[in-house]
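Asks: One structure, pasted below without further comment.
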Amino acid sequence: MFPDKKGKFGIFGGKFAPETLIEPLEQLEIAYKKISKTKEFKEKLNYLLKDYAGRPTPLYYAENFSKFLGFKVYLKREDLAFTGAHKINNTLGQVLLAKMMGKTRIIAETGAGQHGVATATACSLLNMKCEVYMGEIDVERQKLNVYRMKLLGAKVISVNSGSKTLKDAINEAMRDWITNFKTTHYVIGSVVGPHPYPMIVRNFQSVIGKETKKQIIEKEGRFPDFLLACVGGGSNSIGLFHPFYKYKNVRFIGIEAGGTGINTGRHAATLSKGQKGVLHGSFSYVLQNNYGQIKTTHSVSAGLDYPGVGPEHSFYKETKRAEYFAVNDKIALKGFHILSELEGIIPALESAHAIGWLTENKKKFKKNEIVVICLSGRGDKDVMEVAKIEGEL
C-alpha cells in the first residue's frame, strides 16, 4: 500500500526539504515504524481514543436530510469527537509518539483552530509544552479557538507574513522545527508536508474509515456507494477514503473551497485548478503562478484556505480513484443552514462545503444509493463569523 519506501504516492509526495531537516525526518520515520507497532503504544493510544476522545464516533442516518435529497445519507459524526473535530485522532497519536521519542516540546500550525485546540489538548493531557502558529487573519476570525488554546496552556503565535493564513503558519512552524528539532516535534495537522508526515497523519486518521466500514455493514449490510468529504489539506477525507481504497465500487468524492468562484482567482480549489509543484516539502498539486510562486487563496472556511493538498489526494486524482469538485462560499453557507435546520446539527464551514455540494447535485444520485459524508467538525466555531458575513451582527 502507498506510499513506497521513498514516500511516494505514484509520482507525488517525497521529501523535498532543507538538508537540516532530512535527518529529523528520517529519525521520525524510523521511530514511528518502531514505536507505533509496540504493544505499549497501541494500548495507550486505543485507550485515549476510546475513553478520552469518545471513539467510536456514531454513523448517523440523517433521515430528514435524506428525505430532502431523495436517497440515504449517513453522517460520520467526527463533530462528536472530543474537541469538536477529527483532528484529535492525529494529535493524540503524534503527541504520544513524540513523548515516547523523548521530545519535550510540541509545535503545530492551525487554520480554523481545530488542529491547534486538539494539539493543545493532547499536550495538556500528556504534559508537553505546546506552541501553535496561526495566521493573523485566522486569529481574528477564529477568536474562540484562540482562547481555547490559551486556556489549555498553549502559546498562540500570530503570523503576519504573506497571506497571514494557514500556508504562512506552516512556513513559520517549519522554520521553528529546523532550529529546535532535537527537543521539539512538529505535529502537522493534515496529510501534507514531507514524508513521512502524509503517511503518519493518514494512518492515525484512518480510524474514521475503519469504523465506518464496520458501522455501515451493521446498518445496511453493505458498503456505501459514495464517500463524500471536504478537502483542504485532506486529512478527514483521506481518513475516510483510505480504508475503502481497494473497494472500487465505493466511489470517492472530495469537495474543495471554491471561494468567490474558481475562475475569480479567489479560491482554494487546488485539485480543480492547480498545477503540479512543490509546497511544504511535498510534490503535489498546488496553486501557483507561471513563475512557480504560490498564489494567495480565499475561503469562507479557514480550514480549507490552503494552496496545496496531500500527495495521496493528488495520486487519487491522477489515477481517477477519486473525483474532486469545488463549491463557492455561497453554496457552503447554504449547506451550513440546511443541515442545521433539517437535522439540528450545525456543521463546521469546512464540512458545509460537502453538504452544500450534495444539495446542489442531488439529481445525480439514485434513490437506492447510499452516501456517507464525513462531518469533520462542529460549527460552533463558525457561528459568529457566519452571522457577521450574513449581516446578523
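Asks: Can you quote the Å³ per residue value for the convex hull of the Cα atoms in the chain, rounded to an integer?
Replies: In the chain, the Cα convex hull volume per residue is 128 Å³.
Asks: While we're here: For the chain, what is the relative contact order in percent, using Cα pairs closer than 8 Å and at least 6 residues apart in sequence? Intermediate results must be reported in sequence, preceding the final value.
Replies: On the way: 857 pairs, mean separation 76.2, N = 393.
In percent, rounded to a whole number, it is 19.
Asks: Oh, and also: Test of understanding: in a Gaussian network model of the chain with alpha carbons linked when under 10 Å, which of ASN89, ASN171, ASN368 would top the mean-square fluctuation ranking?
Replies: Ranking ASN89, ASN171, ASN368 by mean-square fluctuation puts ASN368 first.
Asks: Under a plain spin-label model, where a point goes 7 Å from the Cα along Cα-to-Cβ, how far apart in nm are LYS6 and ASP380?
Replies: A separation of 4.6 nm, rounded to one decimal place.
Asks: Something else now. At a Förster distance of 35 Å, what's the computed FRET efficiency of TYR61 paired with GLU19, Cβ-Cβ distance as r, to 0.05? The partial results should precede the final answer.
Replies: Working: r = 52 Å, r/R0 = 1.49.
Efficiency, rounded to the nearest 0.05: 0.10.
Asks: Explain nothing, just compute: Karplus ³J(HN,Hα) = 6.51 cos²θ - 1.76 cosθ + 1.60, θ = phi - 60°, for every residue of the stretch 265-271 in order, whole Hz, x for Gly and Pro.
Replies: With coefficients 6.51, -1.76 and 1.60, one gets x, 10, 7, 9, 8, 5, 6 Hz.
Asks: Compute the distance in nm between two label points, each set 7 Å from the Cα along the Cα-to-Cβ direction, one at LYS248 and one at LYS219.
Replies: Roughly 2.8 nm, to one decimal.
Asks: How big is the dipole moment of the stretch 153-262 about its Cα centre under a simple scheme where the beta carbon of each Lys and Arg is +1, that of each Asp and Glu is -1, and everything else is neutral? Debye, nearest 20, please.
Replies: On the way: 14 positive and 8 negative charges, 58 e Å.
Using Cβ point charges on Lys, Arg, Asp and Glu, the stretch 153-262 gives about 280 debye.
Asks: Further, regarding this structure: Relative to the Cα centre, what is the charge dipole magnitude of the chain, using +1 at the beta carbon of each Lys and Arg, -1 at the beta carbon of each Asp and Glu, and rounding to the nearest 20 debye?
Replies: Values: 56 positive and 39 negative charges, 240 e Å.
Charge dipole, the chain, about its Cα centre: 1160 debye, nearest 20.
Asks: Here is a further query. How large is the convex hull of the Cα atoms of the stretch 250-393 per residue, expressed in Å³ as a whole number?
Replies: Numbers: hull volume 18.0 nm³, N = 144.
So the per-residue hull volume is 125 Å³.
Asks: Could you please tell me the mean projected area of the C-alpha convex hull for the stretch 208-311, averaged over all directions and given in square nanometres to one decimal? Numbers along the way, then the final one.
Replies: Values: hull surface 29.9 nm².
With every direction weighted equally, the projected area is 7.5 nm².
Asks: Okay, moving on. Run lengths n ≥ 4 of DSSP H only: what is the helix-derived mean residue ellipticity at 222 nm for the chain, with -39500 (n - 2.57) per run over all residues, to the nearest 500? Can you show the working numbers first?
Replies: Working: 16 runs with 166 residues, N = 393.
Computed mean residue ellipticity for the chain: -12500 deg cm²/dmol.
Asks: When the Karplus curve 6.51 cos²θ - 1.76 cosθ + 1.60 is applied with θ = phi - 60°, which whole-Hz ³J(HN,Hα) does each residue of the stretch 315-321 get, with x for Gly and Pro?
Replies: For the stretch 315-321, the Karplus-derived couplings read 5, 4, 5, 4, 8, 6, 6 Hz, x marking Gly and Pro.
Asks: Still on this model: Whose amide H sits under 5 Å from the amide H of ALA322, counting only residues 5 or more places off or on another chain, with H placed in the peptide plane?
Replies: LYS317
Asks: So how far, in whole Å, is the C-alpha centre of the stretch 209-246 from the one of the stretch 170-189?
Replies: 31
Asks: How far apart, in nm, are the 7 Å Cα→Cβ label points at LYS367 and PHE68?
Replies: 2.1
Asks: Provide the percentage of antiparallel DSSP beta bridges, counting only those with both residues in the chain; round to the nearest 5. Let's see the in-between values first.
Replies: On the way: 16 of 51 bridges.
The antiparallel fraction comes to roughly 30 percent.
Asks: Residues with amide H under 5 Å of ILE157's amide H, sequence separation 5 or more or different chain, H placed in the peptide plane at 1.01 Å from N; which?
Replies: Excluding prolines and chain starts, which carry no amide H, the hits are VAL132, TYR133, MET134.
Asks: Can you give me the long-range amide H partners of GLY377? Hydrogens built in the peptide plane at 1.01 Å from N, cutoff under 5 Å, separation of 5 or more residues or another chain.
Replies: Residues meeting the criterion, in which the H sits 1.01 Å from N, are ASP79, ALA348, SER351.
Asks: Would you kindly derive the ³J(HN,Hα) couplings of the stretch 129-146 from the backbone phi angles with the Karplus curve 6.51 cos²θ - 1.76 cosθ + 1.60 (θ = phi - 60°), listing them in order in whole Hz, with x for Gly and Pro?
Replies: So the J values, rounded to whole Hz, are 5, 9, 10, 10, 8, 8, x, 4, 5, 5, 4, 6, 8, 10, 4, 4, 5, 4.
Asks: Excluding ligands, DNA and RNA, what is the solvent-accessible area per residue of the stretch 157-245 at a probe of 1.4 Å, expressed in Å²?
Replies: Working: 2570 Å² over 89 residues.
The answer is 29 Å² per residue.
The values are calculated or read from the model by the stated rules, or taken from the named source; none is laboratory data. What you see is a predicted model; the values in this text were computed from it and never measured. Please note: Cβ atoms are built from the backbone with ideal geometry, for glycine as well, and neighbour counts cover all protein chains shown. Just the protein is used for accessible areas: all its heavy atoms, side chains included, with ligands, DNA and RNA removed. Shrake-Rupley method; radii C 1.70, N 1.55, O 1.52, S 1.80 Å.
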